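> I have a structure here, written as structure tokens, and I will follow up with some questions on it.
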Amino acid sequence: METLKYSTTNKEGYREYKSPKQICATCSFISRCTESKDHQKVVTRHIWQAYVEEADHLRHHQDIKPIYPKRKEMFERVFADEKS
């Protein structure tokens, strides 16, 4: 099992993490990990993904759950009035 190293951030805002080709080429689990011809696992993750996950987590938190339905009464209503 190898740790994927940060490689680059592309124009769309995704960070790319890649495995070392030399190590993965000789690994016995390569077929489970990737089907890449150059024997490299690549994982992309958006730069804001951690914040999206945290917001989703908080949305389901017991203290926040009762407040969340009020959005449609307060904020979404303002935007709906503004659009018309």
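> Out of all the residues in the stretch 19-44, which are of a type in the set (S, T, N, Q) and open to solvent by less than 60 Å² (accessible area, probe 1.4 Å)?
Of everything in the stretch 19-44, those that are of a type in the set (S, T, N, Q) and open to solvent by less than 60 Å² (accessible area, probe 1.4 Å) turn out to be Ser19, Thr34, Ser36, Gln40.
> Now for a different question. Every residue in the stretch 14-57 that is among the small types (Gly, Ala, Ser) and touching a His at 6+ places or on another chain (Cβ under 6 Å), please. Walk me through it before giving the result.
First pass over the stretch 14-57, keeping only residues among the small types (Gly, Ala, Ser): 19, 25, 28, 31, 36, 50, 55.
Of everything in the stretch 14-57, just one residue is among the small types (Gly, Ala, Ser) and touching a His at 6+ places or on another chain (Cβ under 6 Å), namely Ala25.
> Suppose we filter Ile23, Ile30, Ile47 for residues that are modelled with pLDDT of 90 or more and of a type in the set (A, V, I, L, M, F, W, C); which single one remains?
None of the other options fit; the residue is Ile47.
> Name the residue that is least open to solvent (accessible area, probe 1.4 Å), counting only residues in the stretch 2-18 that are of a type outside the set (D, E, K, R) and at pLDDT 90 or above.
Result: Gly13.
> Restricting attention to the stretch 55-67, does a residue exist that is at pLDDT 85 or above and open to solvent by less than 90 Å² (accessible area, probe 1.4 Å)?
yes
> Just checking: which of the strands (runs of 3 or more DSSP E) contained wholly in the stretch 1-47 hold 1 or more residues that are of a type in the set (S, T, N, Q) and free of Cβ contacts under 8 Å to residues at least 24 places away in the same chain?
Values: elements: 5-9, 14-18, 42-46.
Correct list: 5-9.
The values are calculated or read from the model by the stated rules, or taken from the named source; none is laboratory data. Being a predicted model, the structure only gives us computed values, none of them experimental. Counting neighbours? That spans all protein chains shown, and the Cβs are built from the backbone with ideal geometry, glycine included. Just the protein is used for accessible areas: all its heavy atoms, side chains included, with ligands, DNA and RNA removed. Shrake-Rupley method; radii C 1.70, N 1.55, O 1.52, S 1.80 Å.
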